[in-house]
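Enquirer: Before I ask anything, let me first share the structure, which is written out below as structure tokens.
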């Protein structure tokens, strides 16, 4: 294993500046470009640290809850941070037809700086082509946000973030309960999104149709190893079917030995600061 550069391991993405487009008689606030849509932006630091400064200055969206069904016109860039609401408030927003994808972090429960309209496509509530009206509810922050590929949208995993939102539907309670029980992740997700509290356990859900991603170690794996591939290596699930896996955070080791098990070849490595085991 080659020592990773900051662009791959333990790197924070530099937050880009945002441009507000002013059109005559219409002010369309932009949600900003708070982070690249790349799950590894969280992996480098263990989560946290979304930038909300540009989103906070946006005027996009209503400043108070809208009546159900009205739908305040909003842009595809707009996020929940721009609504300036309080936890528990609901907003009904109308996403225009012909939308384009923007960054989203989370599954069912999304970070407040995620694109609302793109998250709605991910949730299956609207499409890029037709747009549509959705109602969101502002929620408190969470310690972890999952990632998945649904309806042509790939979201990214992230660690602690201070505010969230969910879509108000007849199934809201069920999907939130599922998110609380286990966190969906992609096959390249590592434990870097969950911090470094030794002994802390987390339950993740790996989707079917696994994709190969790097793993270092045997039985005890480096914190930047793929959770799902390590679980296959440990014999807890298969790449074909995916499934649930529980991991426990451990201190770093002085060395890690690679082996081949269950079709997964892991790599050797030297000293690394944090580890995890598959339960």
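The values are calculated or read from the model by the stated rules, or taken from the named source; none is laboratory data. Worth saying up front: this structure is predicted, and the values here are computed from it rather than measured. For neighbour counting, all protein chains shown are included, and Cβ atoms are generated from backbone atoms with ideal geometry for every residue, glycine included.
Enquirer: Can you confirm whether residue 114 is surrounded by fewer than 22 Cβ atoms within 10 Å (Cβ to Cβ), assigned by TED's automatic domain parsing to the domain that holds residue 158, in contact with a helix residue (DSSP H, G or I) (Cβ under 9 Å, 6 or more places away or on another chain) and at pLDDT 95 or above?
Expert: no
Enquirer: While we're on this one: Going residue by residue through the range 194-203, is there one that turns out to be modelled with pLDDT under 95, surrounded by 24 or more Cβ atoms within 10 Å (Cβ to Cβ) and at negative phi?
Expert: Checked the range 194-203: at least one residue is modelled with pLDDT under 95, surrounded by 24 or more Cβ atoms within 10 Å (Cβ to Cβ) and at negative phi.
Enquirer: Which one is nearest to the chain's Cα centre (by Cα) among residues in the range 152-175 that are assigned to a helix (DSSP H, G or I) and surrounded by 14 or more Cβ atoms within 10 Å (Cβ to Cβ)?
Expert: Here the residue is 175.
Enquirer: Only one of 108, 113 is on the phi > 0 side of the Ramachandran plot and touching a residue at least 40 places away in the same chain (Cβ under 8 Å). Can you tell me which?
Expert: Selected residue: 108, the only one of 108, 113 that is on the phi > 0 side of the Ramachandran plot and touching a residue at least 40 places away in the same chain (Cβ under 8 Å).
Enquirer: Let me ask something else. Counting only residues that are touching a strand residue (DSSP E or B) at 6+ places or on another chain (Cβ under 9 Å), in a loop (DSSP other than H, G, I, E, B) and surrounded by fewer than 24 Cβ atoms within 10 Å (Cβ to Cβ), how many does the range 77-102 have?
Expert: The number of residues fulfilling the criteria is 11.
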